[in-house]
Amino acid sequence: MRPGRPGPATLAVRHSLADLLDHAGLHRGDAVVCGVSGGGDSLALAAACVHAGLAVTTVTVDHRLQDGSDRVAARAAQQCRDLGATATVVTVDVDGPGEGPARAARYRALGEAADGRPVLVAHTADDDAEGLLLSLTRGSGTGSLAGLREITGDHPVVDAGASFLGRPLLAATRRQTRGSCAELGLGIWDDPHNEHPEILRSRVRHELLPVMREILGPRVDAALTRSARMLREDADLLDDQAAGALESAGVVPGDRLPVTVLADRPAPLRRRMLRDWLAGVAGPLTSVHLVRIDALVADWHGQGPVAVPHPDQPGPTIDVRRNTHRRVVRRRDGALETTHLRRLDTVTADNPEIPDHPFGDDISGILIDEPTLQRRVRELADEVSDRHRDAPEDLVLVCVLKGAAVFMSDFSRALSVPAQLEFMVVSSYGSGVESSGTVTIVKDLATDIAGRDVVIVEDIIDSGRTLSWLVKDLQGRGPKSLEVVALLRKPDRVVVDVECSALGFEVPDEFIVGYGLDYAERYRTLPWIGALRPEVYS
């Protein structure tokens, strides 16, 4: 250890470390691993840990992303040895560009090097303040706004072999860590990536926060950090209550979750219970997922299942239909359950075998042949039948004419539950091929659907505007439940996303005809679905 009386910055760093050692039950002589990049934060941490009498091993990870990174790593390791630590350099391969893959490789290396020991990293109060601002721009809840945990077992470092991850410097500032290095005579390496204008956190640090300090005063960083800590206390309380509620109800994560366990709880608690229930069963969940799953409890009107990420999906996504549709949460018989549904078929017009038909060369290719089409229609009917097996009254099937007439005919006959057929004509196309967005009911229902289970049978979802309008209109008529079954969907055309309880196929953005779909009242009678040549409708 370097001689000399410690200055105020070093004392602040040591005081912050002492709090974590007390909370974690670490004592003089205990072994820890410190992640050290060579920057001011991590060098100050290593020095404080050695001073506290811990058996310190520092690990410097060389990502090999910059020229001279090996020299930077070697210098950092040598400074740690001079402090009295055991120091090692680990070289890693980074799988892909960006911060995420580099971070993943670094944490994996730290966890493997720890081999059962705790890993300490040098996040500071400044990191908490920056994280709070970034989370605010994403519309995050308290879990993200609450900032970094001082001690956590839920982290990739732990997955890779560490006993826990500790962040001892959350009560210290970046100014104090850099000041401590100056007081101790340690040479700091400034990572040029931290100055990169394309990295959002860098812009928050170097552009946004200085303006906030100028306008709001120099203590704005401390205020943000204080807010993050208070939010953490609130979030921890709600998390504990959610876990306790599931445990007292005897609910095992992934098993059926009775709606009665959730129904009378406030929304923030319900959604945390849902998150805990899905832990290990689903992949990373966003607020969009949780709000939609929560609606199966708090706003139940017979809607279909909610798609969630698969457990092995590497990161969160809010694209809950196209990329994550295999694992779903659905409500059945008064309980929520998770299950796998058949992956949607995405088709392209590349089938050269076009059967004989009366429309000459108008068809450029077949997207869905007749056997595939009929098989999927039966599967859709089975899904709906299973959902309404115990319904006290006949289903009301609402067919949107004319396009859905053929689909309605085959679908209704494939149902294994009784159903009543009703028809509407709803138009937003006029005489063109582009949806106008102005909806007109040409023919309305002949039956009052109040108190009934209603299924809208739709041929194709294009922009989604017309169908969205129709759903709202029928919902206003007081049905017991309302859901949408659609045969086709053009994902590249969707403007208004409409939740479907069952969906047949996703198709490319081409002019689709056949199986009830037309252009200028032609092609409806084709028994398969094909793509129309552009010169026909251009």
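We did not get these values from a lab; they are worked out from the coordinates using the rules stated. Only a predicted model underlies this, so the values are computations on that prediction, with no experimental measurement involved. Positions of Cβ are generated from backbone atoms using ideal geometry, with glycine treated the same way; all protein chains shown enter the neighbour counts.
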Write out the GluC sites (Glu not before Pro) in the range 197-298 meeting two conditions: DSSP loop, and at most 14 other Cβ atoms within 10 Å of their Cβ.
Glu198
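Quick check for the chain: number of Lys pairs with alpha-carbon distance under 19 Å, counting only pairs 8 or more apart or on different chains? Display every interim value, and only then the final one.
Numbers: Lys402/Lys443; Lys402/Lys490; Lys443/Lys472; Lys472/Lys480.
The number of close lysine pairs in the chain is 4.
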In 10 Å bins starting at zero, report the fraction of Cα pairs in the chain per bin as a rounded %.
3, 15, 21, 18, 15, 13, 10, 5, 1, 0
Under the definition of Cα pairs under 8 Å and six or more residues apart, what whole-number percent is the relative contact order of the chain?
10
With the cut-off at 1.5 for a/c, could you classify the range 8-223 from its C-alpha gyration tensor as rounded, prolate or oblate?
rounded
What's the longest piece of the chain with no exposed chymotrypsin sites (Phe, Trp or Tyr not before Pro), counting a site as exposed if DSSP puts it in a loop and it has at most 16 other beta carbons within 10 Å?
1-299
At each listed q (0.10, 0.21, 0.23 Å⁻¹), what is the log10 of I(q)/I(0) that the Debye formula gives for the range 445-538 modelled as equal alpha-carbon point scatterers?
-0.31, -1.06, -1.17
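Any idea what the dipole of the range 132-267 comes to, in debye rounded to 20, about its Cα centre with Lys/Arg Cβ at +1 and Asp/Glu Cβ at -1?
Values: 16 positive and 19 negative charges, 92 e Å.
Computed charge dipole of the range 132-267: roughly 440 debye.
Stretched out fully, how many nm does the piece from Ala295 to Arg389 gain, at 0.36 nm a residue minus the Cα gap?
Values: separation 94, 0.36 × 94 = 33.84 nm, distance 2.19 nm.
Net length gain for the segment: 31.7 nm.
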Just the Cα atoms of the range 349-537: what Rg and Dmax do they give in Å?
16.4, 51
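In debye to the nearest 20, how big a dipole does the chain give about its Cα centre with +1 on each Lys and Arg Cβ and -1 on each Asp and Glu Cβ? Kindly include the intermediate steps, with their values, before the conclusion.
On the way: 61 positive and 78 negative charges, 349 e Å.
Dipole magnitude for the chain comes out near 1680 debye.
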Whole-Hz Karplus ³J(HN,Hα) for the range 405-421, in order, using 6.51 cos²θ - 1.76 cosθ + 1.60 and θ = phi - 60°, x for Gly and Pro?
4, 5, 4, 4, 4, 6, 5, 5, 6, 8, 5, 10, 10, x, 8, 10, 9
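Helix-derived [θ] at 222 nm for the chain: sum -39500 (n - 2.57) over DSSP H runs of at least 4, divide by residue count, nearest 500? Numbers along the way, then the final one.
Working: 18 runs with 203 residues, N = 538.
Theoretical 222 nm ellipticity from helices: -11500 deg cm²/dmol.
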When the charge dipole of the chain is computed with +1 at the Cβ of Lys and Arg and -1 at the Cβ of Asp and Glu, the Cα pointing farthest to the positive end, of Ala531, Leu224, Val426, is that of Leu224
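Taking only C-alpha pairs under 8 Å that are 6+ residues apart, what is the relative contact order of the range 8-223 in percent? Can you show the working numbers first?
Values: 385 pairs, mean separation 54.2, N = 216.
25 percent.
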Once phi for every residue in the range 255-264 is put through the Karplus expression 6.51 cos²θ - 1.76 cosθ + 1.60 (θ = phi - 60°), the whole-Hz ³J(HN,Hα) values, with Gly and Pro written as x, are 6, 4, 10, x, 4, 4, 5, 9, 4, 8
Could you give the length gained by full extension between Val425 and Gln475, i.e. 0.36 nm per residue of separation minus their alpha carbon distance, to one decimal place?
16.3 nm
Quick check: pseudo-label points 7 Å beyond the Cα along Cα→Cβ at Asp240 and Arg256, how many nm apart are they?
3.3
Roughly speaking, what is the stretch gain from Asp264 to Arg81, that is 0.36 nm per residue apart minus the C-alpha to C-alpha distance, in nm to one decimal?
60.0 nm
Could you point to the residue in Pro210, Leu290, Leu278 farthest towards the positive end of the range 199-293's charge dipole, with +1 and -1 charges on the Cβ of Lys/Arg and Asp/Glu respectively?
Pro210
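Run through the range 358-401 and list the trypsin sites (Lys or Arg not before Pro) located in a DSSP loop whose Cβ has at most 15 other Cβ atoms within 10 Å.
Those that pass, being in a loop and sparsely packed, are Arg389.
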Between Thr58, Val251, Leu133, whose Cα lies farthest towards the positive end of the dipole of the chain when Lys and Arg beta carbons carry +1 and Asp and Glu beta carbons carry -1, centred on the Cα centre?
Thr58
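Pull up the DSSP beta bridges for the range 349-537 and report the antiparallel fraction as a percent, rounded to 5.
Numbers: 12 of 35 bridges.
Around 35 percent antiparallel, to the nearest 5.
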Place a point 7 Å from the Cα of His193 in the direction of its beta carbon; the residues of the range 136-162 whose amide N falls under 18 Å from it are 156-157
What is the Cα centroid distance between the range 151-171 and the range 109-141, reported in whole angstrom?
9
Please get the size of the charge dipole for the range 8-223, origin at its Cα centre, with Cβ charges of +1 on Lys and Arg and -1 on Asp and Glu, quoted in debye to the nearest 20.
320
Using θ = phi - 60° and the Karplus curve 6.51 cos²θ - 1.76 cosθ + 1.60, what whole-Hz ³J(HN,Hα) does each residue of the range 227-243 get, with Gly and Pro shown as x?
4, 4, 5, 5, 5, 5, 4, 5, 5, 4, 4, 5, 4, 5, 5, 5, 4
